[in-house]
1. Which of Val95, Val61, Val47 comes first, and how do the rest follow, when ranked by fewest Cβ neighbours within 10 Å?
2. Taking H placed 1.01 Å from N in the peptide plane, check which residues at least 5 places from Val24 or on another chain put their amide H under 5 Å from its amide H.
3. Work out how much length Asp48 to Arg64 would gain on full extension: take 0.36 nm times their residue separation and subtract the Cα-Cα distance, in nm to one decimal.
4. Of Glu86, Glu7, how do they rank once you tally other Cβ atoms within 10 Å and put the fewest first?
5. Loop only by DSSP, 14 or fewer other Cβ within 10 Å of the Cβ. Give me the chymotrypsin sites (Phe, Trp or Tyr not before Pro) in region 13-90 that pass, ordered by residue number.
Amino acid sequence: MELPYDENKLDEINRQYPNNIQIVATHTCPSFAYPTTKQNIQGWLQVDKGLNALVDEERNVMDRIFARLQPAQSNLSDWYYGHFHEHKLEQYHGVNFRLCDCGEINEFRNPNPQSCVQIVCK
């Protein structure tokens with residue numbers, strides 16, 4: 001499965017909108033964010049022989065996205081993801097990585113009172 005990630009497009013976004021991205025919302029997360037092991041999916045890895053490589057590639061793509069965003073987007077403060085159906089909050093290089101559980105609602109308030117984002121994990 002090919003993931004829809006284009007480094008040139010991301011570089012273009014960084015050039016056009018420097019320091020304008022505050023929130024990233026993805027299905028999964030970079031490899032350094034929780035969970036950092038595959039302990040909870042050992043059964044699935046035995047059933048699906050291609051899953052291990054797929055999980056590694058998905059996390060690698062998220063690593064690459066973070067590596068390109070982080071230096072160009074100094075206002076990046078929050079990364080939301082929900083694939084693992086748990087709740088966890090941790091910080092990495094000044095960015096809050098928020099693992100959202102099923103049914104969880106997070107509200108991000110910008111200093112601009114007209115701007116509010118709700119993230120709903122289903």
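1. Ascending number of Cβ neighbours within 10 Å: Val47, Val61, Val95.
2. So Val24 has HN proximity to Asp78, Trp79, Tyr80.
3. 3.2 nm
4. Arranged by neighbour count, lowest to highest, Glu86, Glu7 become Glu7, Glu86.
5. Within region 13-90, the qualifying chymotrypsin sites (Phe, Trp or Tyr not before Pro) (loop, at most 14 other Cβ atoms within 10 Å) are Phe32.
Every number here is computed from the coordinates shown, using simple stated rules; none is lab data. Just so it is clear, the structure is predicted and the values come from calculations on it, not from any experiment. Cβ sites come from the backbone with ideal geometry, for glycine too, and all protein chains shown count toward neighbours.
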